[in-house]
Structures are given as C-alpha cells and as structure tokens.
Amino acid sequence: MDYSTMYGNTAWAEGIMAYAGIITVVGLAVYVFTSWALMSIANRTKTANAWLAWIPIGNLYLMTQIAKVPWWTMLAFFLGFIPVIGSLVLLGVVIWWWWKICEYCQKPGWWSLVIAFVPILNFVFLGIMAWEKK
C-alpha cells in the first residue's frame, strides 16, 4: 500500500522521528555524563551512597549530602510549580548547592554560576571537578 497517496507526504513525519531520535540520544548522553560525574564527585568527597547519582530524585538527595546542607532543602523543588518567583527560588537553591559542592572540591564557588548558566562549559567544569588529578 502506498501511504504517500493515502496520507500525503510523509517526509515531515520522518523528520520528526529523526529529530526525536537525536534528542533522545543527546538526552541519554547528558544523563550518563552528569550521573557519572556526580558519582565521581561523591566518591572524591567521600560521601556515602554515591550510586544515588544514577537515580532521579536520589541524585538530588546525594547533592544535599555532598554539599552538607539539610536534606529538606530538596523540598524547594516544589516551589518550581509557582510561576516566576518559585522558579527563581529553586534556581537559587540549586546554585547554593553547587556553590557548596564546588568549595568542597577545592574550586571557587563562582563555578556554580557557570554550571547553572553556561551550556557546554558546564560539562567541562563538572568533568574537572569529578576527574581532575590532584
């Protein structure tokens, strides 16, 4: 059966499927890299349960443990549902966590701003914190 005559041109559908495939592969690569880096940072800082880096929500708990901040600061993620103000507060909390993590890795706290706001370079900074030779 010739679907092109039945449904019209299917090139757009093929394009969307290709785009979805690329997005999936890139998203998976980012997840693996960031989880691996967070696990390495946890091991480097001698934080227990480094394997939590691979579990969504568990990785947030691990970040609180590395940063040595109270676990309940994770509740700030519920503020993300509040338009504008909640998102800004959530962003502030995440930057605070990364600031403390950077300091525990003997890096300047301002690196947290790069991790939060500068694409591509944030992966470089994470990699340095995770795998730099001392």
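Quick rundown of the values:
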item	result
Among (1) in contact with a helix residue (DSSP H, G or I) (Cβ under 9 Å, 6 or more places away or on another chain); (2) assigned to a helix (DSSP H, G or I); (3) surrounded by fewer than 16 Cβ atoms within 10 Å (Cβ to Cβ); (4) not basic (K, R), the one test that W36 misses	(3)
Failed item, numbered, when P56 is tested on (1) part of a helix (DSSP H, G or I); (2) closer than 26 Å to V124 by Cβ	(1)
Test: residue in region 65-73 that is under 13 Å from I101 (Cβ atoms), modelled with pLDDT of 95 or more, part of a helix (DSSP H, G or I) and of a type outside the set (G, A, S)	yes
Residue list for region 116-134, filter: over 11 Å from S40 (Cα atoms) and not polar (S, T, N, Q)	A116, F117, V118, P119, I120, L121, F123, V124, F125, K133, K134
Residues being surrounded by fewer than 12 Cβ atoms within 10 Å (Cβ to Cβ), assigned to a helix (DSSP H, G or I) and β-branched (V, I, T) - total across region 81-123	1
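The values are calculated or read from the model by the stated rules, or taken from the named source; none is laboratory data. Everything numeric in this text was worked out from a predicted model, so none of it was measured. FYI the Cβ positions are ideal-geometry reconstructions off the backbone, even for glycines, and counts take in every protein chain you see.
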